[in-house]
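This report concerns only the one structure given below.
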Amino acid sequence: FTAELDLAMRNLQAITVTTDGNLQGLRDTLVGISDETRFTAVEVANAAVILGQAGLNTNEIDDATRAVTLLATATGSDLPRAVDVATSVLGVFNLESGQVATVADVMTQAINSSKLDLEKLTLGLQYSGNIAAQQGIRFDELTAALGAMANAGIRSGSTLGTGMRQILTSLMAPSTEFVDVLTRLGLTTEDVDV
């Protein structure tokens, strides 16, 4: 156990170019997070390594590790999966590395307040994230929309994502049929411009 933790901390130090003094403080924080959660200190340290590989500095890792452990706990998933999903959002939505904690918090809140689970949310983001980001839709807005769709009875994550992608595509280049539907509803394409 101690040897595995030491190895993870050495890997983290190499990735983040952290001094021995700062590393000891981070180690204490990671062990503290482990004491507060269902994850071992080694699992938490390995999650911190993945966060470091995603470009987070030691201060950001401190905040993000706590958030991703809460995400993993809320969803019943393993820690590497939660870290992977949260850090993947950064690239899609062109977010700063320090925003991982916020992303994890938004995901946790969405899962706790809707019929989403981590797998559905991941698939929904996978299928619709890029087009939403291109349209200027924020991550939290897309997550809320996916949650609303899940609450409306859409059970499959891929259906959530492809449905959202189709909606956004229709709004980008509306067909005559779509414009006709809007007209019948008393709306214009400007009224539904995302």
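The values are calculated or read from the model by the stated rules, or taken from the named source; none is laboratory data. It should be emphasised that the depicted structure is a prediction, and the values quoted were computed from it without experimental measurement. FYI the Cβ positions are ideal-geometry reconstructions off the backbone, even for glycines, and counts take in every protein chain you see. We work out accessible area using only protein heavy atoms, side chains counted, and drop any ligands, DNA or RNA first. Shrake-Rupley method; radii C 1.70, N 1.55, O 1.52, S 1.80 Å.
Structural remarks
- Tabulated pairs, region 2-18, first more than 19 Å from residue 33 (Cα to Cα), second open to solvent by less than 70 Å² (accessible area, probe 1.4 Å) and among the aliphatic types (A, V, I, L, M), C-beta under 8 angstrom, 6+ apart or interchain: 15/49; 16/56; 16/61; 18/12; 18/26
- Residue in region 83-105 that is free of Cβ contacts under 8 Å to residues at least 40 places away in the same chain and at positive phi present: yes
- Among the residues of region 48-75, those that are closer than 18 Å to residue 111 by Cβ and open to solvent by less than 60 Å² (accessible area, probe 1.4 Å) comprise 64, 67, 68, 69, 71, 72, 74, 75.
- When residues in region 128-140 are screened for being open to solvent by 80 Å² or more (accessible area, probe 1.4 Å) and not basic (Lys, Arg), 2 of them pass.
- Of all residues in region 141-169, those satisfying the criterion of being small (Gly, Ala, Ser), touching a helix residue (DSSP H, G or I) at 6+ places or on another chain (Cβ under 8 Å) and surrounded by fewer than 17 Cβ atoms within 10 Å (Cβ to Cβ) are 144, 156, 158.
- The lone criterion from (1) open to solvent by less than 20 Å² (accessible area, probe 1.4 Å); (2) closer than 18 Å to residue 85 by Cβ; (3) assigned to a helix (DSSP H, G or I) left unmet by residue 116 is number (3).
- Of the criteria (1) open to solvent by 70 Å² or more (accessible area, probe 1.4 Å); (2) touching a Gly at 6+ places or on another chain (Cβ under 8 Å); (3) not hydroxyl-bearing (Ser, Thr, Tyr), which one residue 89 fails: (1)
- Within region 24-40, the set of residues being assigned to a helix (DSSP H, G or I) and among the hydroxyl-bearing types (Ser, Thr, Tyr) comprises 29, 34.
- Unmet criterion (only one of (1) over 18 Å from residue 48 (Cβ atoms); (2) over 9 Å from the mean Cα position of the chain (by Cα); (3) among the polar types (S, T, N, Q)) for residue 122: (2)
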